1. Quick one: would you say Asp114 is at pLDDT below 95 and acidic (Asp, Glu)?
2. In region 106-131, what residues are surrounded by fewer than 19 Cβ atoms within 10 Å (Cβ to Cβ) and either closer than 28 Å to Phe86 by Cα or not aromatic (Phe, Trp, Tyr) (or both)?
3. Quick one: in region 179-231, of everything that is buried (at least 20 other Cβ atoms within 10 Å of the Cβ) and of a type in the set (Lys, Arg), which residue is nearest to Ser38 (Cα to Cα)?
4. In the set Trp173, Trp151, which member is of a type in the set (Phe, Trp, Tyr), under 12 Å from the mean Cα position of the chain (by Cα), more than 22 Å from Phe86 (Cα to Cα) and surrounded by 15 or more Cβ atoms within 10 Å (Cβ to Cβ)?
5. Please find, within region 14-35, the residue that is surrounded by the most Cβ atoms within 10 Å (Cβ to Cβ) out of those that are aliphatic (A, V, I, L, M), at pLDDT 95 or above and not in a helix (DSSP H, G or I).
6. Could we say that Gly198 is closer than 18 Å to Ala229 by Cβ and small (Gly, Ala, Ser) here?
7. Please verify whether Ala224 is free of Cβ contacts under 8 Å to residues at least 60 places away in the same chain and assigned to a helix (DSSP H, G or I), treating the condition exactly as stated.
8. Hey, does region 46-55 have a residue that's over 23 Å from Leu227 (Cα atoms) and charged (D, E, K, R)?
Amino acid sequence: MKTNHAFALSITILWLTSGIALSQTGTCAGMTVGQLTSLNGFVPFQSNSLWNTDISTAPVDPNSANYINFIGSTVTLHPDFGSGTFHNQTLGIPYQIVAGTQAKVPVTLGAFFDESDPGPEPIPSNALIEGYPKPGNGDRHVLVLEKDGCWLYELYNATLKSGKWSADATSIWDMTINEQRPYTWTSADAAGLPVFVGLARYDEVAAGAINHALRFTVPTSQRAFVLPATH
């Protein structure tokens, strides 16, 4: 959410893995074009990215108990995993993979234009908006992975009207490097982080393991951020 950073702030937790860093088993160009399709073993960002690093043996943060108590020690996670609907809106955040030949289109920027990447961007006219088929007034993310150039395009509060895309915020990520937003900049999420890399996807579950950090939201958080977040 962009409107109130004290609530529903994106946080990440790392799934425990058996190695120090996750190695690639696929290539960006090998991803399957389509909606909600397989990455075929490709891992966004480098193996030593904080998103892909095993922290199962790392020391616990000295403030861990304080963070948990502030959030609420009895608060539990409620994973939806993109299954089912709520108020006729599909749960989870969808994504699409496109080829480098996908036409790039302008995106009209709104509330966070000064902290957005202007594009143009390869957003298909039929791109799934978070909450599809009736996105409603939620975060309305649009996530597009371009497999040939290996770019990740993310929109917040996206709308398609009369064939033209608009969004309150956009961020473009080079998936071949460990990239961060400028300090204090937002992104398509309130923390200045990429959205896609923290999602649990069917293809990796089917392969037997989720070997990267997962994103989740909490009802209460401090008005502050910790790197790699930038906002």
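1. no
2. Just the residues of region 106-131 that are surrounded by fewer than 19 Cβ atoms within 10 Å (Cβ to Cβ), to begin with: 106, 108, 110-111, 113-114, 117-118, 120, 124-126.
Result: Pro106, Thr108, Gly110, Ala111, Asp114, Asp117, Pro118, Pro120, Pro124, Ser125, Asn126.
3. Looking at the filtered set, the residue picked out is Arg215.
4. Working: Trp151 fails: under 12 Å from the mean Cα position of the chain (by Cα).
Just one listed residue meets the conditions, Trp173.
5. Applying the first criterion (aliphatic (A, V, I, L, M)) to region 14-35 yields 14, 16, 20-22, 29, 31, 33.
So of that shortlist, the ones also at pLDDT 95 or above come out as 29, 31, 33.
Now drop any that are not not in a helix (DSSP H, G or I), which leaves 31, 33.
Numbers: Met31: 23, Val33: 14.
Per the stated criteria, the residue is Met31.
6. Details: closer than 18 Å to Ala229 by Cβ: yes; small (Gly, Ala, Ser): yes.
In short, yes.
7. On the way: free of Cβ contacts under 8 Å to residues at least 60 places away in the same chain: yes; assigned to a helix (DSSP H, G or I): no.
So Ala224 does not fit the description; no.
8. No: region 46-55 contains no residue that is over 23 Å from Leu227 (Cα atoms) and charged (D, E, K, R).
The values are calculated or read from the model by the stated rules, or taken from the named source; none is laboratory data. All of these numbers come straight from a predicted model, not from anything done at the bench. Every residue, glycine as well, gets a Cβ built from its backbone with ideal geometry; the counts of neighbours run over all protein chains shown.
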